[in-house]
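Report on one structure; see the data block that follows.
Any read-out appearing in this document is the output of simple, stated calculations on the displayed coordinates, not a laboratory observation. Because the structure is a prediction, the values reported are computed rather than measured. Neighbour counts run over all protein chains shown; Cβ positions are idealised from the backbone, glycine included.
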C-alpha cells in the first residue's frame, strides 16, 4: 500500500470513529479494543495535510476476484475469523476457528452484537475503491496483501446491514 493510500485509510478510520451515524442510538456498551495501526489525531492531520489527491481511475476491469480475500492467516483461521477475534470481546472459537461466542461493537452504528452472523468485516477502503485509486496497477500478491491486512485499520467488524447500506462507498463518501 502506498503512503497516499495508507493516508486515505487513516482519514477514513478517523472519520468513522469521530462522527457516528446520527440515525442510530448511542452505544449500548463500551467500544471494542482499539484497532492496530490507528495514529493519533494530530499525526493523521499532519499526514493528511501532505496528501496529494489524484483523480480516481476507471472501474473498468475491476473484479472482486482480483483481490484474493479471506485467506488463511494463522493455522486454519482465515482473515474474517482473525478480524472477528481481534475486534470482538471475550471471543471463543471452535476448533475450526469459527467464533462461537463473544460480542462485537460496531462503530458505524454504536450497536453491540453477540452473534458473529450479525457482523460483516468491512473494507474501510472498499476493494473497488482501491482498484480505482491505483490497485489496478498492483500485482495479485499486493492485492491479496491489501485484502487481508489485519495489521492496519483496513478491516473492521461492523453491523452487517449497515455495511450493506455502505456498499462500496469509500471513506470520502460515507
Checklist outcome for this item: Between residue 63 and residue 117, the two model label points (7 Å from Cα along the beta-carbon direction) sit apart by a distance in nm of 3.2 nm
Checklist outcome for this item: Under the rule rounded for a/c under 1.5, else prolate if a/b exceeds b/c, else oblate, using alpha carbon gyration tensor axes a ≥ b ≥ c, the stretch 34-170 is classed as prolate
Item to check | Cα Rg over Rh - the stretch 97-168, Kirkwood | outcome: 1.03
Next on the checklist: If each residue of separation counts as 0.36 nm, what is the full-extension length gain between residue 38 and residue 90 once their alpha-carbon separation is subtracted?
Outcome noted: 16.5 nm
Item to check | Segment residue 76-residue 172, extension gain: residue separation times 0.36 nm, minus the distance between their alpha carbons | outcome: 31.1 nm
